[in-house]
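Written out below as structure tokens is the structure these notes cover.
The values are calculated or read from the model by the stated rules, or taken from the named source; none is laboratory data. Everything numeric in this text was worked out from a predicted model, so none of it was measured. Note that we place each Cβ from the backbone using ideal geometry, even for glycine, and neighbour counts take in every protein chain shown. What goes into the accessible areas is simple: the full protein's heavy atoms, side chains included, and nothing from ligands, DNA or RNA. Shrake-Rupley method; radii C 1.70, N 1.55, O 1.52, S 1.80 Å.
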Amino acid sequence: MRGIFRKKVDEVTLWLEGQKEEYLARAAALEHRFYAAFYEQCIESTVADGYEMFLLDFSTYNYFRAHRADLDGPAGQRFLKLAGIHHTIRVVRRRKKELSWDEMKRAMWMVYALNEEEQKMAEILYQCACVYQSRFSDLFARTTARYLFGTREMTPQVLAFLLNFWYNSYSSFMASFVGYVPFHVRLKKATAG
């Protein structure tokens, strides 16, 4: 009887879910409870974004759906890492009085097991966000295309799609992260005990 309800697992599901568990385990192991909760929610939110973009969204310039055939284990890892980098940079820039880039990046490096090149990439992107804030989104969209699937040139429509994707991804992540417990309360509880 059980087999009747079992569906064939889509490769996208396999790559996203297969990457998720390892990252969630490392996030749960973080001593700082705020960082643990932040990255656990970030990972879950990114997997939901992945399902939507690779499987459900049929918009004309959907960069992710266009590269669905190229999605494999390493690309799934890179997708999750990019979201972690993006969301970390955005939240640290927005909450710079409350959060330390140096502390949070160490937690991010541990959760996502960023290699040396990925760490350099994250540092460059963070510096761009600090010094050239208005250019950060554009640089991140271009970095996404190149790092994820090796795309060096893209149309203005694909660039617009990626800019919109990262904006919406961060917005929905933060909405779910602070939906029931405000940001300052989460941070205060984590640092209090």
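Do any helices (runs of 4 or more DSSP H) lying entirely in the stretch 61-178 carry at least 3 residues that are under 20 Å from Gly50 (Cα atoms) and open to solvent by 30 Å² or more (accessible area, probe 1.4 Å), and which ones are they?
Counting at least 3 such residues, we get 73-94, 133-149, 156-177.
Any idea how many residues of the stretch 107-131 are in contact with a Leu (Cβ under 9 Å, 6 or more places away or on another chain) and under 20 Å from Ala36 (Cα atoms)?
Count: 6.
Only one residue in Ile124, Ile89 is among the β-branched types (Val, Ile, Thr) and closer than 30 Å to Val185 by Cα, so which one is that?
Only one candidate qualifies: Ile89.
Just wondering, is there one or more residues in the stretch 145-166 that are charged (D, E, K, R) and within 14 Å of the chain's Cα centre (by Cα)?
No, because not a single residue in the stretch 145-166 is charged (D, E, K, R) and within 14 Å of the chain's Cα centre (by Cα).
Restricting the first residue to the stretch 143-163 and requiring it to be at negative phi, which pairs with a second residue that is of a type in the set (Gly, Ala, Ser) meet a Cβ separation below 6 Å and a spacing of at least six or different chains?
Thr151/Ala145; Met154/Ala145; Leu159/Ala141; Leu162/Ala141; Leu163/Ser137; Leu163/Ala141
Has the stretch 71-79 got at least one residue that is over 23 Å from Glu153 (Cα atoms) and either under 14 Å from the mean Cα position of the chain (by Cα) or modelled with pLDDT of 90 or more (or both)?
As a first pass, look at the stretch 71-79 and keep what is over 23 Å from Glu153 (Cα atoms): 73.
With the extra rule that they be either under 14 Å from the mean Cα position of the chain (by Cα) or modelled with pLDDT of 90 or more (or both), the set shrinks to none.
Taking every residue of the stretch 71-79 in turn, none turns out to be over 23 Å from Glu153 (Cα atoms) and either under 14 Å from the mean Cα position of the chain (by Cα) or modelled with pLDDT of 90 or more (or both).
Only one of these is surrounded by fewer than 16 Cβ atoms within 10 Å (Cβ to Cβ), modelled with pLDDT under 90 and of a type in the set (Phe, Trp, Tyr): Phe54, Phe58. Name it.
Phe58
Looking at Thr46, is it open to solvent by less than 50 Å² (accessible area, probe 1.4 Å), modelled with pLDDT of 90 or more, of a type in the set (S, T, N, Q) and not in a loop (DSSP other than H, G, I, E, B)?
On the way: open to solvent by less than 50 Å² (accessible area, probe 1.4 Å): yes; modelled with pLDDT of 90 or more: yes; of a type in the set (S, T, N, Q): yes; not in a loop (DSSP other than H, G, I, E, B): yes.
Taking the combined requirement at face value, the residue satisfies it.
Here is a check on your reading of the model: is Tyr63 under 27 Å from Tyr180 (Cα atoms), touching a helix residue (DSSP H, G or I) at 6+ places or on another chain (Cβ under 9 Å) and not basic (Lys, Arg)?
It is false that Tyr63 is under 27 Å from Tyr180 (Cα atoms), touching a helix residue (DSSP H, G or I) at 6+ places or on another chain (Cβ under 9 Å) and not basic (Lys, Arg).
Yes or no: Leu30 open to solvent by 10 Å² or more (accessible area, probe 1.4 Å) and assigned to a helix (DSSP H, G or I)? So that I can check it myself, show each step before the final result.
On the way: open to solvent by 10 Å² or more (accessible area, probe 1.4 Å): yes; assigned to a helix (DSSP H, G or I): no.
Judged against the criteria, Leu30 is not a match.
In the stretch 101-117, is there at least one residue being out of contact with any strand residue (DSSP E or B) (no Cβ under 9 Å at 6 or more places or on another chain), on the phi > 0 side of the Ramachandran plot and not basic (Lys, Arg)?
yes
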